[in-house]
Amino acid sequence: MPIHTAASVPGAALVLAAGAALVSTALAGSHTGPKPDFSAPPPPMPAGTELPMYKIPNIFPAAEAYYAPDDYHIIAQTQDPEAAKPDPGKVGGALTWIFTDDGKKSWRVNAKGNDACSYFFPDMKRIVWTSTKDNLDLPKGNWSDSNDYPTGAELYISDLDGSNIKRLTNNKYYEAEVSVSPKGDWIVFGRAIDGNMNLWRIRPDGTGEQQITFTEDWQPGAPFYMPDNETIMFRAWRRSEYGKVKPTPMTVFTIKHDGTDLKQRTFDRDMNWAPYPGPDGRHYVFVRMDEGTNWEVHLGDLKGGPSKRLTYNVGFDGLPSLSKNGKKMLFARSATGRANLSTFVMDVSSLDLGPGNYQGIPETPVPANAMIVTDFNSGARTAGL
């Protein structure tokens with residue numbers, strides 16, 4: 001899911017969009033580094049108090065990082081010099097890497113084309129990832145422009161080292177923003193056809209492809225399964241507002257993976273970007289703008305109430321995700337805006353987000369003066385193309 005910013009990106013894909021200007025430090029093979037030290041105090045912040053954190057050492061600039069089931073290995077998109085170079089003025093140049101959260105080991109999964117979005121299967125034997133590796137003759141596009149997404153970004157499954165690759169899709173569309181259900185029986189992803197994004201699902205063996213959302217103006221993306229293995233959390237924004245309202249308003253929704261039971265979860269006109277559900281089924285981390293243009297990570301509660309701000313940084317904080325045990329949060333940070341992103345680990349064990357607190361997925365109360373969405377169309381599931 002290339003990095004999307006509300007100001008310049010509506011929010012569909014990865015990449016280190018912010019990272020068009022990322023500085024790459026060449027790495028290859030395995031690496032050694034210091035053990036994480038949660039006791040070390042974070043650097044001074046302008047206001048508020050951050051939980052203990054550290055920057056993962058010895059890795060390329062990276063974002064869209066997700067933990068494996070062992071809560072130690074991480075998969076992410078990195079600014080890799082081996083990636084296909086984007087056209088001038090456009091965003092690209094990322095490849096999929098796996099590394100440990102202490103920076104001691106890292107390896108490249110794919111070395112061809114451009115990658116965007118990746119995720120572990122729960123058996124920790126396989127991964128799914130998006131790449132243009134087999135469609136290098138097609139337009140490279142721009143990973144951070146919804147009107148110019150790369151054509152030929154397809155879905156692949158492989159072993160952790162990139163071997164035994166199986167191609168899941170073959171349609172020359174833009175397919176990204178991919179993740180896997182807790183049981184590993186479904187893959188959910190975003191597919192853009194003629195600039196219009198919708199959510200789809202497919203079985204790991206390539207069967208059962210089904211469309212989940214059916215929208216025109218609303219652009220859904222960043223889908224992640226919740227602990228019940230059937231509810232998907234995602235965010236969406238309106239194409240009719242893109243470029244006209246800044247920052248682009250985004251709404252968090254949930255929906256069953258068969259396309260039923262769409263529920264609005266945020267009710268304001270803020271930029272509720274990059275939501276990632278917690279293993280407790282109630283909380284989620286997401287990004288919004290504070291102090292006007294300051295990108296910060298927040299903790300949301302499906303039971304309602306104000307969010308809890310987790311980061312305080314004058315630069316960029318975004319693209320958060322949580323470990324499977326709910327004790328650690330990954331996020332991308334830069335002290336200089338949306339360039340030179342680094343991956344950080346925050347100790348969120350004090351927030352009690354673990355799977356032991358799962359009691360089902362709660363309803364979200366509708367607050368007074370809520371902005372109710374009435375034009376998000378979702379239909380019954382249909383067979384794939």
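The values are calculated or read from the model by the stated rules, or taken from the named source; none is laboratory data. Everything numeric in this text was worked out from a predicted model, so none of it was measured. Cβ coordinates were reconstructed from backbone atoms using ideal geometry, including for glycine residues, and neighbour counts include every protein chain displayed.
Can you go through Thr130, Thr96 and tell me which one is farther than 20 Å from Phe331 by Cβ, touching an Asp or Glu at 6+ places or on another chain (Cβ under 7 Å), in a strand (DSSP E or B) and touching a residue at least 24 places away in the same chain (Cβ under 8 Å)?
On the way: Thr96 fails: farther than 20 Å from Phe331 by Cβ.
Residue meeting the stated conditions: Thr130.
Quick one: Ala222 ticks every box in (1) in a loop (DSSP other than H, G, I, E, B); (2) under 23 Å from Ser118 (Cβ atoms); (3) touching a Phe, Trp or Tyr at 6+ places or on another chain (Cβ under 6 Å) bar one, so which box is it?
Condition (1) is where Ala222 drops out.
Which residues, taken from the range 211-238, are closer than 12 Å to Asn196 by Cβ and surrounded by fewer than 19 Cβ atoms within 10 Å (Cβ to Cβ)?
Phe214, Glu216, Asp217
Only one of (1) assigned to a loop (DSSP other than H, G, I, E, B); (2) crowded, with 21+ Cβ neighbours inside 10 Å; (3) among the small types (Gly, Ala, Ser) fails for Ala63. Which number is that?
That leaves (1) as the condition not met.
Give the range 153-180 a look and list any residue that's surrounded by fewer than 23 Cβ atoms within 10 Å (Cβ to Cβ) and farther than 21 Å from Trp97 by Cβ, or say none.
Of everything in the range 153-180, those that are surrounded by fewer than 23 Cβ atoms within 10 Å (Cβ to Cβ) and farther than 21 Å from Trp97 by Cβ turn out to be Thr169, Asn170, Asn171, Lys172, Tyr173.
Take the range 312-352 and flag every residue that is assigned to a loop (DSSP other than H, G, I, E, B), at pLDDT 95 or above and within 19 Å of the chain's Cα centre (by Cα). If you could, list the steps in order and put the result at the bottom.
Just the residues of the range 312-352 that are assigned to a loop (DSSP other than H, G, I, E, B), to begin with: 312-315, 323-327, 335-341, 348, 352.
Now narrow it down to the ones that are at pLDDT 95 or above: 323-327, 348, 352.
Of everything in the range 312-352, those that are assigned to a loop (DSSP other than H, G, I, E, B), at pLDDT 95 or above and within 19 Å of the chain's Cα centre (by Cα) turn out to be Ser323, Lys324, Asn325, Gly326, Lys327, Val348.
Within the range 67-93, track down each residue that is buried (at least 21 other Cβ atoms within 10 Å of the Cβ) and either part of a loop (DSSP other than H, G, I, E, B) or of a type outside the set (Ser, Thr, Tyr) (or both). Spell out the reasoning first.
Taking the range 67-93 and keeping what is buried (at least 21 other Cβ atoms within 10 Å of the Cβ), we get 67-68, 74-80, 83, 91-93.
Once the filter is applied, which keeps residues that are buried (at least 21 other Cβ atoms within 10 Å of the Cβ) and either part of a loop (DSSP other than H, G, I, E, B) or of a type outside the set (Ser, Thr, Tyr) (or both), the range 67-93 yields Ala68, Ile74, Ile75, Ala76, Gln77, Gln79, Asp80, Ala83, Val91, Gly92, Gly93.
How about the range 316-348: which of its residues are surrounded by fewer than 16 Cβ atoms within 10 Å (Cβ to Cβ) and either closer than 23 Å to Pro223 by Cβ or not aliphatic (A, V, I, L, M) (or both)? Explain how you work it out, then say what you get.
Initial filter on the range 316-348 (surrounded by fewer than 16 Cβ atoms within 10 Å (Cβ to Cβ)): 335-337.
Those that are surrounded by fewer than 16 Cβ atoms within 10 Å (Cβ to Cβ) and either closer than 23 Å to Pro223 by Cβ or not aliphatic (A, V, I, L, M) (or both): Thr336, Gly337.
Identify, from the list Asn294, Asn313, the residue that is more than 18 Å from Arg235 (Cα to Cα) and buried (at least 18 other Cβ atoms within 10 Å of the Cβ).
Numbers: Asn294 fails: buried (at least 18 other Cβ atoms within 10 Å of the Cβ).
The unique qualifying residue is Asn313.
Does Val245 satisfy the criteria of being of a type in the set (A, V, I, L, M) and modelled with pLDDT of 95 or more?
Values: of a type in the set (A, V, I, L, M): yes; modelled with pLDDT of 95 or more: no.
No.
Within the range 353-374, can you find the residues that are polar (S, T, N, Q), assigned to a loop (DSSP other than H, G, I, E, B) and either closer than 26 Å to Gly281 by Cβ or touching a helix residue (DSSP H, G or I) at 6+ places or on another chain (Cβ under 8 Å) (or both)? Steps first, please.
Let us first name the residues in the range 353-374 that are polar (S, T, N, Q), namely 357, 359, 364, 369, 374.
Restricting the remaining residues to those that are assigned to a loop (DSSP other than H, G, I, E, B) gives 359, 364, 369, 374.
Correct list: Gln359, Thr364.
Step by step: first the residues of the range 54-92, then only those that are of a type in the set (Gly, Ala, Ser) and in contact with a strand residue (DSSP E or B) (Cβ under 6 Å, 6 or more places away or on another chain), then the one that is modelled with the lowest pLDDT. Which residue is that?
First pass over the range 54-92, keeping only residues of a type in the set (Gly, Ala, Ser): 62-63, 65, 68, 76, 83-84, 89, 92.
Applying the additional criterion that residues be in contact with a strand residue (DSSP E or B) (Cβ under 6 Å, 6 or more places away or on another chain) yields 62-63, 65, 68, 76, 83.
Details: Ala62: 92, Ala63: 90, Ala65: 98, Ala68: 98, Ala76: 97, Ala83: 87.
Only one residue fits best here, namely Ala83.
Please specify each residue of the range 277-313 satisfying the condition of being within 14 Å of Val348 (Cα to Cα) and among the acidic types (Asp, Glu).
Asp280 - this is the single residue of the range 277-313 that is within 14 Å of Val348 (Cα to Cα) and among the acidic types (Asp, Glu).
Quick one: which residue in Ser158, Ser106 is among the hydroxyl-bearing types (Ser, Thr, Tyr), more than 23 Å from Ile232 (Cβ to Cβ) and free of Cβ contacts under 8 Å to residues at least 60 places away in the same chain? Working first, answer last.
Details: Ser106 fails: free of Cβ contacts under 8 Å to residues at least 60 places away in the same chain.
Sole residue among the options that is among the hydroxyl-bearing types (Ser, Thr, Tyr), more than 23 Å from Ile232 (Cβ to Cβ) and free of Cβ contacts under 8 Å to residues at least 60 places away in the same chain: Ser158.
So, Asp185, is that one in a loop (DSSP other than H, G, I, E, B) and either free of Cβ contacts under 8 Å to residues at least 24 places away in the same chain or among the aliphatic types (A, V, I, L, M) (or both) or not?
Numbers: in a loop (DSSP other than H, G, I, E, B): yes; either free of Cβ contacts under 8 Å to residues at least 24 places away in the same chain or among the aliphatic types (A, V, I, L, M) (or both): no.
So Asp185 fails the test.
Determine whether the range 127-136 contains at least one residue that is buried (at least 24 other Cβ atoms within 10 Å of the Cβ), touching a Lys or Arg at 6+ places or on another chain (Cβ under 8 Å) and farther than 18 Å from Phe224 by Cβ.
Yes, that holds for at least one residue.
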